[in-house]
Amino acid sequence: MASPTVSIDNAKCVLVIGATSGIGRALALAIAELPSRPTVIAAGRRQDRLDELKAKKLETVQIDVAADLTTLKKTVDSLVAQYPDLDAVMFASGIQYQQDFTKEVDLTQVAREINVNYLAVVSLISMFLPHFLKLSADGRPSFIMPVSSGLGLMPSNYVPNYSASKAALTSFAISLRKQLAATNVKILEIIPPLVESELHDEQGTTGHLSNFWMPLDEYTERTMGGLRKGDTRIASGTAEKVLKRYQDAGLCDIYPIPV
Ligand SMILES: NC(=O)c1ccc[n+]([C@@H]2O[C@H](COP(=O)([O-])OP(=O)(O)OC[C@H]3O[C@@H](n4cnc5c(N)ncnc54)[C@H](OP(=O)(O)O)[C@@H]3O)[C@@H](O)[C@H]2O)c1
């Protein structure tokens, strides 16, 4: 008999980091509406946005993922103490900058982008894992949901460092899934295409990109479908097409020789 699907429907308490706008906000609200009615904790920096989500009955916590490691660890410890049922974390926080390396590039921006999009996610995953491994030992599933990007699989020269940060996240997710294969900790990688959000506002490209992006409602519905099926990689639109080429080429595999 096939084993029952383990999916977001099994989650009791879901933390969404980067829930104050765009993809994270939409998915946090959709997850809160699941028939299983999990507790959803919305996180981000902007308190006014968190207050708005509190009014919609979500739990909230202010987190700046660019904070130092001691602060991040304190935040994780206090979340786990306050929400012992916490069994899912989505990393939807992200920033994007355009860079033209034929001209002078702001290297502090490059470092910030790598820190927020990659290093902070890896650090937080490492801090949440002891709790998730305890749940696993008790036979309970848990979910780590990094939000990468189709641009991690096929980069855009307009956002070279952003694309590289997302490629790093995808690579890390593949290795982490392999390391956790014998546990009940599931890695569900969310791989969006260009989607309606605030991500491009700072670069002034939102108007132009809105001609091509996937509407947020459509994206949310498709992604919730993948999360509810327990899909390992949840891609849609152009990202789904690129992922298929990537998978067909065997690039989601693990290097076969121990190093
Ligand atoms: N939209 C797209 O076309 C697209 C495509 C592929 C992948 N993605 C990825 O999808 C994820 C969601 O992005 P989005 O498109 O929904 O953009 P968005 O509307 O700009 O949302 C970004 C979220 O990240 C949070 N964030 C940024 N810096 C943070 C920090 N230092 N600490 C904590 N939270 C922080 C923001 O909250 P605060 O400002 O309140 O902190 C906000 O909630 C990102 O990882 C992005 O790279 C987006």
Original post:
Only one of these conditions is not met by THR238: (1) within 13 Å of the ligand (Cβ to nearest atom); (2) under 17 Å from the mean Cα position of the chain (by Cα). Which number is it?
Top reply: (2)
**OP:** Give the residue that is farthest from the chain's Cα centre (by Cα), with candidates limited to residues of region 74-108 that are more than 16 Å from the ligand (Cβ to nearest atom) and aromatic (Phe, Trp, Tyr).
**Re:** PHE101
Subject >> Residue list for region 203-220, restricted to those being more than 11 Å from the ligand (Cβ to nearest atom), part of a helix (DSSP H, G or I) and free of Cβ contacts under 8 Å to residues at least 12 places away in the same chain >> reply: GLY207, HIS208, GLU218
Original post:
Which pairs do you get when a residue that is modelled with pLDDT of 95 or more, found in region 97-108, comes within reach of a residue that is among the aliphatic types (A, V, I, L, M), reach meaning Cβ atoms under 8 angstrom, with the pair 6+ apart or on two chains?
Top reply: TYR97/VAL110; TYR97/VAL159; GLN98/VAL159; GLN99/VAL105; GLN99/VAL110; GLN99/VAL159
Original post:
Counting just the residues of region 175-198 that are out of contact with any Leu (no Cβ under 7 Å at 6 or more places or on another chain), within 18 Å of ASP253 (Cβ to Cβ) and open to solvent by less than 20 Å² (accessible area, probe 1.4 Å), which one comes out nearest to the ligand (Cβ to nearest atom)?
Top reply: GLU189
Original post:
Which ones in region 124-155 are open to solvent by less than 30 Å² (accessible area, probe 1.4 Å) and of a type in the set (Ser, Thr, Tyr)?
Top reply: SER136, SER142, SER148, SER149
Subject >> Which numbered condition ILE23 fails, given (1) more than 9 Å from the ligand (Cβ to nearest atom); (2) assigned to a helix (DSSP H, G or I); (3) surrounded by 15 or more Cβ atoms within 10 Å (Cβ to Cβ); (4) hydrophobic (A, V, I, L, M, F, W, C) >> reply: (1)
Subject >> Selected residue (only one of SER36, SER7 is surrounded by fewer than 17 Cβ atoms within 10 Å (Cβ to Cβ) and not charged (D, E, K, R)) >> reply: SER36
Original post:
Taking the stated definitions as given, is SER163 closer than 18 Å to GLY94 by Cα, open to solvent by less than 20 Å² (accessible area, probe 1.4 Å) and without any contact (Cβ under 8 Å) to a residue 24 or more places away in the chain?
Top reply: yes
Subject >> Test: residue in region 45-59 that is in contact (Cβ under 8 Å) with a residue 40 or more places away in the chain and not in a loop (DSSP other than H, G, I, E, B) >> reply: no
Original post:
Does ALA168 satisfy the condition of being within 17 Å of the chain's Cα centre (by Cα), open to solvent by 30 Å² or more (accessible area, probe 1.4 Å) and within 18 Å of SER149 (Cβ to Cβ)?
Top reply: yes
**OP:** Working carefully through the options ALA111, ALA81, find the one that is open to solvent by 70 Å² or more (accessible area, probe 1.4 Å), of a type in the set (A, V, I, L, M, F, W, C) and assigned to a helix (DSSP H, G or I).
**Re:** ALA81
Original post:
Would a scan of region 5-14 turn up a residue that is within 12 Å of the ligand (Cβ to nearest atom) and acidic (Asp, Glu)?
Top reply: no
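The values are calculated or read from the model by the stated rules, or taken from the named source; none is laboratory data. Treat the numbers as computed from the prediction; the structure is a model and nothing was measured. Backbone-built Cβ (ideal geometry, glycine too); neighbour counts: all protein chains shown. In case anyone asks, the SASA skips ligands and DNA or RNA and just uses the protein heavy atoms, side chains included. Shrake-Rupley method; radii C 1.70, N 1.55, O 1.52, S 1.80 Å.
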